[in-house]
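The values are calculated or read from the model by the stated rules, or taken from the named source; none is laboratory data. This one's a predicted model, so the numbers in the text were calculated from it and none came from an experiment. In this analysis, Cβ positions are derived from the backbone assuming ideal geometry, glycine residues included, and neighbour counts consider all displayed protein chains.
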Amino acid sequence: MKTTNDTAAHGGDVRLTGITKKYGSFTAVHPLDLTVPQGSFFALLGASGCGKTTTLRMIAGLEEPTAGTVHLGDQDVTALPPYKRPVNTVFQSYALFPHLDIFENVAFGLRRRGIKSVKKQVEEMLELVQLGEQARKKPHQLSGGQQQRVAVARALINHPKVLLLDEPLGALDLKLRRQMQLELKRIQTEVGITFVHVTHDQEEAMTMADTVAVMNAGRVEQLGSPADLYENPRTTFVANFLGTSNFIEAEVDSTSGSEIVLKAGGGKLMLPEARNSAPARTGGKVLLGVRPEKISLTHADDAGDIPEGRNRITGRIADSSFIGVSTQYVIDSPVCPEFEVYVQNIDRDPRLTPGAEVVLHWNPEHTFGLDAAQDIDAGVETVEEEVA
Amino acid sequence: MAAVTEAPPLAPTPAPQKKPPRKRGRWMPYLLLLPGLLWLVVFFALPVIYQASTSVQTGSLEEGYQVTWHFATYWEALSEYWPQFLRSVLYAASATVLCLLLGYPLAYLIAFRAGRWRNLIMILVIAPFFTSFLIRTLAWKTILADGGPVVGALDALHVLDVTSWLGWTAGDRVLATPMAVVCGLTYNFLPFMILPLYTSLERIDPRLHEAANDLYAKPSTTFRKVTFPLSMPGVVSGTLLTFIPATGDYVNADLLGSTETRMVGNVIQSQFLRILDYPTAAALSFILMAAILIMVTLYIRKSGTEDLV
């Protein structure tokens, strides 16, 4: 009885075990173990060339792994060709069949499986993606957003155990992308199928996915819920790839209970033991990180008003840009040359202009510690390359 | 330009504001068309008119020909030479089918599987063009020579028994039979099939194959439902480029065939150059042109290529 329940509960799990892909001497995906629970919206996030698409294609069967296995539920599908796997893909740039109309594109999978009466199902599916009117048009007559929805409908109609999405929103403009993110999330909730979504857009991954795996150079750097990844990055790559982080290289002064006391530029900073992922030996180096929006900015004249117990550093405003909901400051500080601070637009202090001396302070709880042996700018460059 | 656009207020006749007088821009397309148009008039339209007038002339070489609107020439030509017409269409159609059967796999290979060999294979396809058409056809005379290795092998494999029974070859001979002519036609026109096929296959996004695969289509189904329909423009232009010139060809029938395999091209050639019966030759040419035009139109209608991208 228990086994039956287990099968039902885990029937849509995707389990990758030691999966590896090598092209000659280049390793695109290092041995990777990954379980995507049934019904979840899972995102593989990373810059181009990090191995995320290769991983997805190995699940689809379009790429043969060099080593390792792919399980769907209890079934080992590693040796199955793509047309025998209960998995469907929404391709980057959609790959709709240009010679077939929308109806036939959506019906393609059903017809291949020998289902005769497809009309009702196709019409229902086109309703779900709000394209009922377009059934007899050819793909090139539709807009990008509509084509995207056809691609989703064409895959979903087969009720796959897993739906794979390869950068499905990459070709859409920003506004449409936002709209489609919500749309896809709605569809996923409605049909309850496991979605594995590949993207290089961290915002997209965080908005849509329950679980995000951040990939870098063929490895999963960190895996967790969007909030967990954002708040507790374990590497500088994750800290920089998901949003912006400020780093201070600090020396461990002492460890007292649940707090680590760090020394940086003559001042002392506190770091909760629980939020430190680096080895903290006294005298050792730690990278102290803090997100720009966690920091408060006070003019140096009012430094006395800052409550006790907060981490504080001093600096001078180098640059500020007002963007409505917040003002983004770049602070020149002895401990960090370009400290970024986002101040929410509640009460604006008119003295906070470039050149002003300020004190930056934040709740020590919002500090995280990373191994100082890594590149502070990991992940930053990659993001810029992607934009370029 | 700007000055012209601002002119209307001063002009005596108020020009409508919506249409700025952009004379040069309006005439430019026609100007660009002119060289091609001239070429067409001088080398196509005028000869066709001349030919048309020749076809309705009567007379003899000694007394000269006059236009007498003698349309009976058409009927006479058709009733006398219909077997050659039929043979032309039959041979050309067989050669076209053979070209398609031989050319499609090769074009597919070059487009999808050749990898770094692609250019080399393409060069090999085009390489025969570096030799004269005539020499290449003559080479087939040697290849299919009586008692030669090819004929010997076909004989030993009893292939010739079958083809002789079908009337394609005669006894232990291949040369001077319909099969030899069709072989020559197929060989000579094969590149005209392969190149358009390759072009249209190469344009197919390989991701469409993956998408079909992903949607439960086996490789054979993928070919039937995706690759082949998408290569239809290539199939249509390839068959036309093979069929049309093959129908009018006379070199292959002349060099590889016999009097029993004469095609309409051979008839026209001998009427023009040997018998010097210009009206009959012109009428035959017109009938051939009309027949090809009708067949091609029907074919294009049926294959529905205008619907494809």
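All but one of (1) of a type in the set (Gly, Ala, Ser); (2) without any contact (Cβ under 8 Å) to a residue 60 or more places away in the chain; (3) more than 18 Å from B:LEU208 (Cα to Cα) hold for A:GLY144; state the number of the condition that does not hold.
Result: A:GLY144 passes all but (3).
Taking region A:82-99 as the region of interest, how many residues are farther than 14 Å from A:LEU156 by Cα and facing chain B (nearest Cβ under 7 Å)?
The qualifying residues number 6.
Quick one: what pairs do we get from region A:106-120, first residue more than 7 Å from chain B (Cβ to nearest Cβ) and in contact (Cβ under 8 Å) with a residue 12 or more places away in the chain, second surrounded by fewer than 20 Cβ atoms within 10 Å (Cβ to Cβ) and not in a helix (DSSP H, G or I), C-beta under 6 Å, 6+ apart or different chains?
As it stands, the answer is A:ALA107/A:VAL118; A:LEU110/A:VAL118, since those pairs meet every condition given.
Being under 14 Å from B:TYR91 (Cβ atoms), surrounded by fewer than 18 Cβ atoms within 10 Å (Cβ to Cβ) and either modelled with pLDDT under 90 or not assigned by TED's automatic domain parsing to the domain that holds B:LEU106 (or both) narrows it down to one of B:GLY167, B:GLY147, B:GLY171, so name that one. Even if it seems obvious, please write down each step before you answer.
Working: B:GLY147 fails: under 14 Å from B:TYR91 (Cβ atoms); B:GLY171 fails: under 14 Å from B:TYR91 (Cβ atoms).
Checking each option against the conditions leaves just B:GLY167.
What number of residues within region B:244-290 are within 30 Å of B:ALA145 (Cα to Cα), part of a helix (DSSP H, G or I) and not charged (D, E, K, R)?
Qualifying residue count, region B:244-290: 21.
State whether one or more residues within region B:224-245 are buried (at least 18 other Cβ atoms within 10 Å of the Cβ), more than 14 Å from chain A (Cβ to nearest Cβ), more than 15 Å from the chain's Cα centre (by Cα) and among the polar types (S, T, N, Q).
no
I'm checking my understanding of the structure. Among residues of region A:21-79 that are among the acidic types (Asp, Glu) and in a loop (DSSP other than H, G, I, E, B), which one is nearest to the chain's Cα centre (by Cα)?
Here the answer is A:GLU63.
Could you check region B:261-273 and list, in sequence order, the residues that are touching a Ser or Thr at 6+ places or on another chain (Cβ under 8 Å) and not hydroxyl-bearing (Ser, Thr, Tyr)?
Matches in region B:261-273: B:MET263, B:VAL264, B:GLY265, B:ILE268, B:GLN271.
Of all residues in region A:297-351, which are within 31 Å of the chain's Cα centre (by Cα) and of a type in the set (D, E, K, R)?
Across region A:297-351, the qualifying residues are A:ARG310, A:ARG312, A:ASP319, A:ASP332, A:GLU338, A:GLU340.
Criterion first (within 16 Å of A:THR367 (Cβ to Cβ), buried (at least 16 other Cβ atoms within 10 Å of the Cβ) and not polar (S, T, N, Q)) does A:MET270 satisfy it?
Yes: the conditions hold for A:MET270.
Filter region A:325-349 for residues that are of a type in the set (Asp, Glu), exposed (fewer than 13 other Cβ atoms within 10 Å of the Cβ) and under 20 Å from A:GLY243 (Cα atoms) and give the result. Steps first, answer last, please.
Our first condition is that a residue be of a type in the set (Asp, Glu); within region A:325-349, this holds for A:332, A:338, A:340, A:347, A:349.
Next, only the ones that are exposed (fewer than 13 other Cβ atoms within 10 Å of the Cβ) stay: A:338, A:347.
Scanning region A:325-349 gives a single hit, A:GLU338.
Name the single residue that is nearest to the other protein chains (Cβ to nearest Cβ) among those in region B:201-223 being touching a residue at least 12 places away in the same chain (Cβ under 8 Å) and within 19 Å of B:LEU101 (Cα to Cα).
Among residues in region B:201-223 that are touching a residue at least 12 places away in the same chain (Cβ under 8 Å) and within 19 Å of B:LEU101 (Cα to Cα), the one nearest to the other protein chains (Cβ to nearest Cβ) is B:THR222.
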